1. Note down the nm distance, to one decimal, between modelled labels 7 Å out along Cα→Cβ at Ala64 and at Trp172.
2. Would you mind calculating the gained length between Gln318 and Ser245 on full extension (0.36 nm times residue separation, minus the Cα-Cα distance), in nm to one decimal?
3. How much accessible area does Ser66 have with a 1.4 Å probe, in Å² rounded to the nearest 10?
4. First check a/c for region 164-276, with a ≥ b ≥ c the square roots of the eigenvalues of its C-alpha gyration tensor; if it is under 1.5, answer rounded, and if not, answer prolate when a/b is larger than b/c or oblate otherwise.
5. Simple spin-label model, 7 Å along Cα-to-Cβ: Glu267 to Arg105 in nm?
6. What distance in nm separates the simple spin-label points at Gln180 and Lys96, each placed 7 Å from Cα in the Cβ direction?
7. Cross-link list Lys94/Lys188; Lys94/Lys232; Lys96/Lys327: which exceed 24 angstrom alpha carbon to alpha carbon?
8. May I ask you to compute the full-extension gain from Asp277 to Ala222, defined as 0.36 nm times their residue separation minus their alpha-carbon distance, rounded to one decimal in nm?
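The values are calculated or read from the model by the stated rules, or taken from the named source; none is laboratory data. Because the structure is a prediction, the values reported are computed rather than measured. Every residue, glycine as well, gets a Cβ built from its backbone with ideal geometry; the counts of neighbours run over all protein chains shown. We work out accessible area using only protein heavy atoms, side chains counted, and drop any ligands, DNA or RNA first. Shrake-Rupley method; radii C 1.70, N 1.55, O 1.52, S 1.80 Å.
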Amino acid sequence: MIPTESTNKNRIKNRVKNRIRTAAGFATLLMPTLLSGCGSSTMVQTETEASDGLISVAFSEVGAESDWRVANSESMRTTFTTENGYEFYFEDAKGKQENQITTLRNYILQGVDYIVLDPVIETGWDEVLEEAKDAGIPVIVVDRMVDVEDETLYTAWVGSDFQKEGEMAVEWLETYLEEQGRSEEEIKILHVTGTAGSSAQLGRTAGLENGVEAHENWEIIAQVAGEFTQAKAYEEVSEILQQTSDIDVIYCENDDSAFGAIQALEEAGITYGTDGDVILISFDATEAGLTACMEGKLNLNVECNPMHGPRVEEIIQQIEAGETPEKTQYVEETWFTPEMLTGELIESRGY
């Protein structure tokens, strides 16, 4: 899948020619999509717009369901600019895999140089990635993973170790309960999951479930689908709180879900956070999430760094130079508690 040096030279030589050849047909194919507002960038380049030497990078994003997702998209936009030597195409899949598959096929038809995919779920990509491979287009997967039979269908993956994130949260909870003198108590956990089948959901869920299995006194009293959104998490947590308030920990798989849980707890009159009855654990460490943590609303916020644009660019530049990038690239991440945070630290992180 990794192009040779001669292949790279041919790709650069033929970029403009390929775009001119495909522009008219691609514009016709995409017209219904553009009119319906599914996209948000320059999906079509005309013959006069094509520029010698520019590398075309086409990104299919999951959606805009969370602050993390918005930051991830913005990182791509600010990296792959004309000034930096790129033509950038962007499509928001609105959380639907079928939209992403259609988008990838459009990118293939257009003959872009690179496809960047942040997949809604892990499975169901073999066919369209085979089409990209046949077209000679490297696919770089970011954030969530793809589960394919042939790993040569994508060039590289860069993102978070989601199970490790879950394990960090479990280790912190274990230590925190020991410090509170509660290590032998029965601990009832409400688990608010993310989008079913996504890498973040699978990894963070595995981290928690393994932790519960290792502690006989820990129990997951319910798993509800927060879908990484505040609205859905609020709905699901509110329903659980109508049935029981006997909850020690709410484990939310992202910040937006945590905000939904907070809303539900406040309406139910249940205290939470550093001065409350319910321990709140969240993931992503967005600016809003870390601010809530600094204020004591979240006991723990595990980092998930969304700034993938520069990392993807590094991979692309390696391929352009005829090098073979590392197949799997994990981002180094940490966790935060209220006493670790200041306004200056949060602002300096950029997301």
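1. 2.9 nm
2. Net length gain for the segment: 20.9 nm.
3. 10 Å²
4. Details: a/c = 1.76, a/b = 1.13, b/c = 1.56.
It is oblate, given that a/c is not under 1.5 and a/b is not larger than b/c.
5. Those two pseudo-labels are separated by 4.1 nm.
6. Label-label distance for Gln180 and Lys96, simple model: 4.2 nm.
7. Lys94/Lys188; Lys96/Lys327
8. 18.0 nm
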